[in-house]
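Just below is one structure, and these are the notes that go with it.
The values are calculated or read from the model by the stated rules, or taken from the named source; none is laboratory data. Note that the structure is predicted; figures quoted are calculated from it, not measured. Counting neighbours? That spans all protein chains shown, and the Cβs are built from the backbone with ideal geometry, glycine included.
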Amino acid sequence: MTDPTAAWSALLRVHGTLVPALDRELQRTHGLPLTWYDVLAELDGAPRRRMTMSELGNVAMVSRSRVSRVVDELVAAGLVAKESNPTDGRSAYAVVTTAGRRRLRQARPSYLAAIERGFTAKLSAREAEMVARALGKVLAAGEPDGAGAYRR
């Protein structure tokens with residue numbers, strides 16, 4: 001009988017190996033931590049290239065508690081700007097700047113190549129499809145406690 005936690009353990013090991021390697025690659029080649037890349041990519045893909053901190057916390061691969069700090073770092077680097085939210089004075093929008101979009105474009109080929117080298121090239125097209133479908137199924141099912149869908 002197969003270990004019922006084998007898939008989970010493999011997922012954790014792959015994540016624990018590939019994410020730090022991808023972070024090192026982006027920092028070495030572009031001076032861009034993976035958390036910055038992720039936030040810039042989410043903002044770049046958002047309507048009007050902006051999101052509230054709450055929206056960003058729901059989609060970015062950085063913890064909700066860390067989103068504001070990462071955005072502040074990006075603001076200091078000139079890659080993101082903050083704009084007040086006219087409908088809610090308690091929140092602000094994070095908006096990717098032209099410089100942020102340029103850095104994201106420059107880093108994207110390295111990001112994609114690192115994913116290809118470390119992950120995609122190790123799988124057949126069928127295996128990659130199966131992994132994506134299986135993980136999508138887990139995400140679609142929502143949180144184990146029934147509180148709603150997993151945040152992305």
Item to complete: Please state which one of Thr17, Thr29, Thr2 is out of contact with any His (no Cβ under 9 Å at 6 or more places or on another chain), closer than 24 Å to Leu135 by Cα, part of a helix (DSSP H, G or I) and of a type in the set (Ser, Thr, Tyr).
Response: Thr17
Item to complete: Quick one: in segment 70-83, of everything that is outside any helix (DSSP H, G or I) and in contact with a strand residue (DSSP E or B) (Cβ under 6 Å, 6 or more places away or on another chain), which residue is surrounded by the fewest Cβ atoms within 10 Å (Cβ to Cβ)?
Response: Glu83
Fill in: Check on Leu40, surrounded by 15 or more Cβ atoms within 10 Å (Cβ to Cβ) and either modelled with pLDDT of 95 or more or under 13 Å from the mean Cα position of the chain (by Cα) (or both)
yes
Worksheet item: Do we find that Ala99 is assigned to a strand (DSSP E or B), modelled with pLDDT of 95 or more, more than 18 Å from the chain's Cα centre (by Cα) and closer than 26 Å to Thr29 by Cβ in this structure?
Response: no
Fill in: Looking only at segment 85-96, and only at residues there that are at pLDDT below 90 and of a type outside the set (Lys, Arg), the one that is surrounded by the most Cβ atoms within 10 Å (Cβ to Cβ)
Ala92
Worksheet item: Among the residues of segment 55-69, which ones are surrounded by 13 or more Cβ atoms within 10 Å (Cβ to Cβ) and outside any helix (DSSP H, G or I)?
Response: Ala60, Met61, Val62
Worksheet item: Among Arg133, Arg117, Arg48, which is the only one that is exposed (fewer than 11 other Cβ atoms within 10 Å of the Cβ), within 22 Å of Leu18 (Cα to Cα) and either basic (Lys, Arg) or without any contact (Cβ under 8 Å) to a residue 12 or more places away in the chain (or both)?
Response: Arg133
